[in-house]
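The values are calculated or read from the model by the stated rules, or taken from the named source; none is laboratory data. The model shown is predicted, which means the values in this text are computed figures rather than measured ones. Here the Cβ is made from the backbone with ideal geometry for all residues, glycine too, and neighbour counts use every protein chain on show. These accessible areas exclude ligands, DNA and RNA; they are computed on the full protein's heavy atoms, side chains included. Shrake-Rupley method; radii C 1.70, N 1.55, O 1.52, S 1.80 Å.
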Amino acid sequence: MKTERQLNMTMKPRVRFAPSPTGPLHIGGVRTALYNFLFAKRNNGSFLLRIEDTDRSRYVEGAEEYIMESLEWCGIRVDEGIREGGGYGPYRQSERKELYGKYAGMLLESGWAYIAFDTAEELDELRRENEKKGEAFIYNAQTRHKLKNSLSLKDDEILKLQEENIPYVIRFKMPEGENIEMNDMIRGRVIVNSSTLDDKVLFKSDGMPTYHLANVVDDHLMEITHVIRGEEWLPSLPLHVMLYKAFGWNVPYFAHLPLLLKPEGKGKLSKRDGDKMGFPVFPLYWPYGDKARGYREDGYFPEAFVNMIALLGWNPGTDKELFTMDELISEFSIDRVGKSGARFDPEKARWFNHQYMQLQPVERIAQDYIILVKDKGFNVDTKKAEMLVEMVRERVSFVNELWDQTDFFFSPPQSYDQSAVKKRWKEGSPRLIRELRSVLEGIDDFTPDHTEPVVKNWIQEKEYGMGAVMNAFRLVVVGALRGPHLFDIIGFLGKGETLNRIDRGLEILG
RNA sequence: GCUCCGUUCGUCUAGUGGUUAGGACGCAAGGUUUUCAUCCUUGUAGCAGGGGUUCGAUUCCCCUACGGAGUACCA
């Protein structure tokens, strides 16, 4: 098996991410794109984005934009693509349509392909019949002579069908009894006997190529050196290898990435899992048709999202878990991609975001926080927003959660938490708080450095209970037993507001 | 059904022919604390099963089980 190291010395890799614009890009797709990107950048190569839209019936408006915006949000930079251009365009398969016919023709000429007139209905019927008998229908050397194609039909029959404009497809003529040997950078050597394979359709009757043809032709024409794609393609690898050989082209290196599995139960991750379990399956909000939530709108930092995704199936071989994109680029290696499917864990995703919440520059979080506060109907200037963010960021994982930690800074308690009152507002509390009020009244500078020692000294001198005073104090200021350090809170509120809240609390709680 | 791929704590994973099988998330307990969190410490839990090979297998081979993918004129 060739290793990456050997390759590095001989070439600058060109890799591609080739999604179909059939809907929002799935988180597994984002990971495939990311690994391609990391591999390319690690080895000073190029990352291309090719849109595979050969099936017009499945084309979804907005999907192309969504794909590009997702990559952009993640910080996955495209070197060549439909937006960026490049020397190997066009990068949208529908715009390369003529090309594929030519290459299919080449295969026809060299005898590696043939044309077939069987209709989809006829084949469906055959499959059904065979299934009833417990057998699988397979269009290959065993059966092709009994079907309607240029191998079984006489020349004049073929001519007649063509004159009548009967639609036909072009199929690959899969050889019989040949061991096809393949190399996968992740799985090593794989051998499959060609007799188990079928004569795949290369060119559809609508004049468009199938994935298999278009993919191989484009990867060759675009000089792709490494094909890094999802494991769902592994079963068609023999076909692709055969196609390269039929064309007489060099076979690129292949790496088939393990799939992303759903958090519990069986199967691969799907949109339904996200809906059911309350986490996004897509990077961005999908606003069309069957709307779907996204990581961006759910408040994830792109860095956290990318970090999490990167570690689902790859690891650096060390205990390090937090990576910037640059660190991922310099440490990424296909050799360290695992073989088995990874189950997606929403809890860990949350943890990653918590880590990044602590690492972000305060300015960036404050910006989002100001918007959040505005949404709640209040205003806060940048300086104060930054103070509040610094005060509570370590307690939360998402910007949205900042509000629940700071709501009481913006308005005095509308009510007092009943169980807290029961627990902390005792008979002596009003007297204590009244006395505390007069102590506070004597302080002008309300910064924690000033208020804290004064209040604590007073508590000690009077031999009051620290808990009794502070909890009751917190109750009148916050309305509940939660929040950051009280002296920080009143430092932010200021003297006037603090005394107001005390008065109000005394009045209502008695 | 057939073909291919895979299997280390619940999850993501490291790792080795002889290790106390390591880390992270989660969970639990304790500590810090004026509250709630955070944070810190400790703990919890794993080599799918059966055969080989070997002085010795979690590690190498085979089988089984389980999981996954593919089996379209979809990608």
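Before moving on, here are some points about what is shown:
- Residue within region A:154-164 that is in a loop (DSSP other than H, G, I, E, B) and open to solvent by less than 80 Å² (accessible area, probe 1.4 Å) present: no
- Scanning region A:130-139 turns up at least one residue that is in a helix (DSSP H, G or I), modelled with pLDDT under 95 and open to solvent by less than 70 Å² (accessible area, probe 1.4 Å).
- Of all the listed residues (A:Lys384, A:Lys339), the sole one being open to solvent by 80 Å² or more (accessible area, probe 1.4 Å), over 22 Å from A:Lys41 (Cβ atoms) and within 16 Å of RNA strand B (Cβ to nearest atom) is A:Lys339.
- The set of residues from region A:166-197 being surrounded by fewer than 17 Cβ atoms within 10 Å (Cβ to Cβ), among the small types (Gly, Ala, Ser) and more than 8 Å from RNA strand B (Cβ to nearest atom) comprises A:Gly177, A:Ser195.
Yes/no matrix, rows are residues, columns are (1) touching a helix residue (DSSP H, G or I) at 6+ places or on another chain (Cβ under 9 Å); (2) more than 30 Å from A:Asn44 (Cβ to Cβ):
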residue: A:His212; (1), (2): yes, yes
residue: A:Ile228; (1), (2): yes, no
residue: A:His240; (1), (2): yes, no
residue: A:Phe254; (1), (2): yes, no
residue: A:Leu259; (1), (2): yes, no
residue: A:Gly289; (1), (2): no, yes
residue: A:Arg293; (1), (2): yes, yes
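- Counted residues, region A:37-59 - those being assigned to a loop (DSSP other than H, G, I, E, B) and out of contact with any Asp or Glu (no Cβ under 7 Å at 6 or more places or on another chain): 7
- Sole exception among (1) open to solvent by less than 30 Å² (accessible area, probe 1.4 Å); (2) within 8 Å of RNA strand B (Cβ to nearest atom) for A:Lys200, by number: (1)
- Considering only residues in region A:208-217 that are within 10 Å of RNA strand B (Cβ to nearest atom) and either part of a helix (DSSP H, G or I) or polar (S, T, N, Q) (or both), the one that is surrounded by the most Cβ atoms within 10 Å (Cβ to Cβ) turns out to be A:Leu213.
Rundown of residues vs (1) at pLDDT 95 or above; (2) within 13 Å of RNA strand B (Cβ to nearest atom), yes/no style:
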| position | (1), (2) |
| --- | --- |
| A:Cys74 | yes, no |
| A:Gly85 | no, no |
| A:Pro90 | yes, no |
| A:Leu126 | no, yes |
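- Selected residue [touching a residue at least 12 places away in the same chain (Cβ under 8 Å), within 12 Å of RNA strand B (Cβ to nearest atom) and over 48 Å from the mean Cα position of the chain (by Cα)] from A:Val469, A:Val477: A:Val469
- Pairing each residue of region A:67-88 that is in a loop (DSSP other than H, G, I, E, B) with any residue that is of a type in the set (Asp, Glu), provided the two are 6+ apart or on different chains, yields C-beta distances under 6 Å for A:Val78/A:Glu84; A:Gly86/A:Glu80.
- Number of residues in region A:83-119 that are farther than 21 Å from A:Thr225 by Cβ and surrounded by 12 or more Cβ atoms within 10 Å (Cβ to Cβ) equals 21.
- Boolean, A:Val439 is out of contact with any Lys or Arg (no Cβ under 9 Å at 6 or more places or on another chain), touching a residue at least 24 places away in the same chain (Cβ under 8 Å) and not acidic (Asp, Glu): no
- Only one of A:Arg504, A:Arg474, A:Arg482 that is part of a loop (DSSP other than H, G, I, E, B), of a type outside the set (A, V, I, L, M, F, W, C) and open to solvent by 20 Å² or more (accessible area, probe 1.4 Å): A:Arg482
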